[in-house]
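Please treat every number below as a calculation from the coordinates, not as lab data. Every value quoted in this text rests on a predicted model; they were computed, and no experiment measured them. Backbone-built Cβ (ideal geometry, glycine too); neighbour counts: all protein chains shown.
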Amino acid sequence: MSSGNIRRAQLVSPFGVGALSILVDGTSVITAGLDAWYDVETKNQLRLSEYQAQDWRLQARLKVGEFRLPPDYRPGNEANARLTVPVLRFPGWSFCIYCKRLEHHPLTFAQPVYCDDPKHKQDIGRKKKRGPRMSQVPFVAICTLGHLDDFPFRQWVHRRHQPSCNGVLRLQSRGGGGLDGQVVICDEQGLPKGCGAERSLAGILIGATGRTGEERTNLTDQLAGKDDPFYCTGARPWLGEDGGSCDRPVRGALRAAGNIYFPKVESSLYLPQKIGAVSATLHELLIHPDVSPALRALHQALGARLTVEILRGALPVELFKPITDEELMAGYRDHFGIADPGDAPDGPPPGSGTGEDGDDDSLTRTDEWRHDEYRLLRETPDDPYLTAKDPGVAPELEGILNRVRRVDVLRETRAMRGFTRVRDSGLKLTAGKRMLRRGFLEPSHDWLPAYVVKGEGIYLELDRQRLKDWEQREAVLARAGQITQRFGDVARLRGLRERTISPRFVLLHTLGHLLINELIYACGYSSASLRERLYVSESPERSMAGILIYTAAGDSEGTMGGLVRMAKPGQLWPVMANALSDARWCSTDPVCMEAGEAGQGPDSCNLAACHGCALLPETSCEEFNRFLDRGLVVGTFTNPDLGYFSDLASNTLQIATV
């Protein structure tokens, strides 16, 4: 049986439930559903409290009772020993690189596959006892509803939904470029003998969306002809389901292609109920394996009727003796997100409102969700899970930036709520959860895989008046309108929700990318260790114009201190000056700036932005490297005064070279 190692964080993204990965022995596998994650041998005990994680804001938004960390493997026979995340061998089709024979094996087949074709018998007798090891095919079939299946080689070569011929199939390469030279053959000389049919794999990857939003693919239309379309089988191999009901067109895909898997990950910065009311010691005690189960049981049974006396009676006396009654109750409320009865209510709790699509099955609007974080980051909170200080604004940046915050400590929870295939499209909460497990769980018992990390960051906020004057300029609105129009065209073709990409959003988004690209040199972090978190809204009641650049890595890079040091006025100004100076001229200019006029990058939704100037690893960007434009930051060749930082950028060339 094949096995391998993977980092726990990667089991949330990018190798979560339903994702394909490669083991060290070359076997391609798919991560199994959540139903099979915490399965232990009968001689061992399962202690889930070691994996349970709490973030009351994110739990409310995703409508779950808890989060669970992916299990880590531990040898021995103690509690939680030998826990693994199961995987299934996929694709099921394998081929021999010598005789080109194709064979199919079930998902549960765990042993290496060896070719037993009669052509190898002579070699087997002389050199070894069995044929050569077979390799898994690089082709699979996917649909827009997230289903995944083996490529229908037998149906494709015979041009029928249910072919009667069961001859030996072979996958041969006949030269030529691309898939035109890959030919599937039903071998009439093989055992069992085939009919001799053959067909090229040309066009199996092609799919398109018509003007009416109708999905069309070559595999569906051409397998047996347009009059007899071949639709998706509805298979979900990561859940052990080899078929179901689905009426969507199916397309071929390479198993390592980027459109195979788009994980949906939601993140949250932990916000305490009351700043400084709970110590780091109490935070750690509340998640202790001997405390967490009892605390959860009391909360579910008593809720608002829970008193300090009951709490102390159920918790270990030795652990909680130094904790005062006030702090213990504050810790309980903070742990489960319960408002203090003495505080006036401030509207509905996060996650309780309608979503972005106007129904309860969608996520809370992003501006509503992040506004609480924005309000707290603007201040100087001092809490074990969120600590920020005011280093002041450099004199050179006064009137440009409204405030700067040095975020020494932050705690982030990232949870996977589902995934899509073919393209990164919208996904309802319920639909996403159904992709992760077979059974249905009540919200109070439902859980999602997540991981929790600590980090640090820099928060920047633009000057409100300067921003208002700039974003009302006609040329600025027209340039941002190009991005909105291009994304709108894509959204209409794919049936996505349209959105307005404001100048404010493009400006902050691009500025974040430019600063990250500069900070990786100034601080020594890797580019994938830094992330952006945008706080952008034009809504009068939730106006925001800030950006948090932070690191929240699971290793030592999360809290090295090098990033927050750059928030000091004497350090931030050179970083800003260098970033703006570099943005004035990309290494691919004038091509980058000129190509941006017609659109470039993913979905042509970037203007002047490419890998030479503004793109980042996709794990660092909130928008998959879309909606970027240097022109709105530092101006264009034809209109150098267009950018928000145009006057500042024109004076930074000498400073940046010091």
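The label-point distance for R312 and L477, in a model that sets each label 7 Å from Cα toward Cβ, rounds to 6.4 nm. Among C610, V591, A545, which residue has its Cα positioned farthest towards the positive end of the charge dipole of segment 540-646, with +1 placed on the Cβ of Lys and Arg, -1 on the Cβ of Asp and Glu, and the dipole taken about the Cα centre? In segment 540-646, that residue is A545. Segment E198..R542, full-extension length gain: 117.6 nm, with 0.36 nm per residue of separation and the alpha-carbon distance subtracted.
Amide H contacts under 5 Å for Y114: M134, restricted to partners 5 or more places along the chain or on a different chain, H placed in the peptide plane at 1.01 Å from N.
Return the inverse of the average 1/r over all pairs of distinct C-alpha atoms in segment 274-336, which is the Kirkwood hydrodynamic radius, in Å to one decimal. Kindly include the intermediate steps, with their values, before the conclusion.
On the way: mean 1/r = 0.0857 Å⁻¹.
Here the Kirkwood hydrodynamic radius works out to 11.7 Å.
Relative protection proxy for 97-103, 608-614, from highest mean packing down: 608-614, 97-103 (other beta-carbon atoms within 10 angstrom).
To check you understand DSSP bridge types, tell me what percent of the beta bridges within the chain (both residues inside) are antiparallel, rounded to 5. Don't skip to the end; give the middle numbers.
Details: 78 of 82 bridges.
Rounded to the nearest five, the antiparallel share is 95 percent.
Dividing the summed -39500 (n - 2.57) terms of all DSSP H runs of n ≥ 4 by the residue count of the chain sets its mean residue ellipticity at 222 nm at -7500 deg cm²/dmol.
Roughly how far apart, in whole Å, are the Cα centres of segment 167-235 and segment 563-617? Using only Cα atoms, the two centres lie 43 Å from each other. Amide hydrogen proximity for L401: with H placed 1.01 Å from N in the peptide plane, the residues at 5 or more positions away or on another chain lying under 5 Å are D463. Bridgeable aspartates and glutamates around K321 (alpha carbons under 12 Å apart, same-chain partners fewer than 8 residues away excluded) are absent.
Give me H509, H299 sorted ascending by neighbouring Cβ count inside 10 Å, so fewest comes first. Numbers along the way, then the final one.
On the way: H509 26, H299 15.
Fewest to most other Cβ atoms nearby, the residues stand as H299, H509.
Sorted ascending by nearby beta carbons within 10 Å, beginning with the fewest, H371, H158 become H371, H158.
Charge tally around P91: other residues with Cβ under 12 Å, Lys/Arg +1 each, Asp/Glu -1 each, net -1.
Rounded to the nearest 0.05, what FRET efficiency do D290 and E618 give with R0 = 35 Å and r taken as the Cβ-Cβ distance? Could you check?
Details: r = 41 Å, r/R0 = 1.16.
Efficiency computed from Cβ-Cβ geometry: 0.30.
Taken one residue at a time, the phi angles of segment 164-180 give Karplus couplings (6.51, -1.76, 1.60, θ = phi - 60°) of 8, 7, 10, x, 5, 9, 9, 10, 10, 9, 10, x, x, x, x, 7, 4 Hz. Gly and Pro are set to x.
Given +1 on the Cβ of Lys and Arg, -1 on the Cβ of Asp and Glu, and no further charges, what dipole in debye does the chain carry about its Cα centre, rounded to the nearest 20? List each step's numbers first, then the result.
Values: 80 positive and 84 negative charges, 570 e Å.
Value, rounded to 20: 2740 debye.
Relative contact order of the chain: what whole-number percent is it, with Cα pairs under 8 angstrom and at least 6 residues apart? All intermediate terms of the calculation are to be shown ahead of the outcome.
On the way: 1306 pairs, mean separation 80.1, N = 658.
Relative contact order for the chain comes out at 12 percent.
Note the full-extension length gain between D72 and D247 as 0.36 nm times their separation in residues minus their Cα-Cα distance, in nm to one decimal.
On the way: separation 175, 0.36 × 175 = 63.00 nm, distance 3.89 nm.
Length difference between fully extended and current span is 59.1 nm.
Using the Cβ-Cβ distance between Q300 and A339 with R0 = 30 Å, the FRET efficiency computed as 1/(1 + (r/R0)^6) comes to roughly 0.95. Per residue, the average separation of C-alpha pairs within less than 8 Å and at least 6 apart gives segment 204-294 a relative contact order of 19 percent. If the reach is capped at under 21 angstrom between alpha carbons, list the lysines near K121, excluding any in the same chain fewer than eight residues apart. Qualifying lysines at Cα under 21 Å: K100, K129, K193.
Quick one: which of 302-309, 199-206 comes out on top by average Cβ neighbours within 10 Å, and what's the full order, highest first?
Details: 302-309: 11.0, 199-206: 17.8.
Top to bottom by mean Cβ count within 10 Å: 199-206, 302-309.
Computed from backbone phi, the HN-Hα couplings of segment 192-208 come to x, 6, x, 8, x, 5, 8, 7, 6, 8, 4, x, 5, 8, 7, x, 8 Hz, rounded to whole numbers (Karplus: 6.51 cos²θ - 1.76 cosθ + 1.60, θ = phi - 60°; Gly and Pro given as x). Each peptide in 595-601, 264-270 receives the mean, over its residues, of other Cβ atoms within 10 Å, and ordering these scores from highest gives 264-270, 595-601.
Could you give the dipole magnitude of segment 274-336 about its Cα centre, charging the beta-carbon of Lys and Arg +1 and that of Asp and Glu -1, in debye to the nearest 20?
Working: 6 positive and 8 negative charges, 43 e Å.
For segment 274-336, the charge dipole is close to 200 debye.
Taking a ≥ b ≥ c as the square roots of the Cα gyration tensor eigenvalues, the chain comes out oblate, since a/c reaches at least 1.5 and a/b does not exceed b/c.
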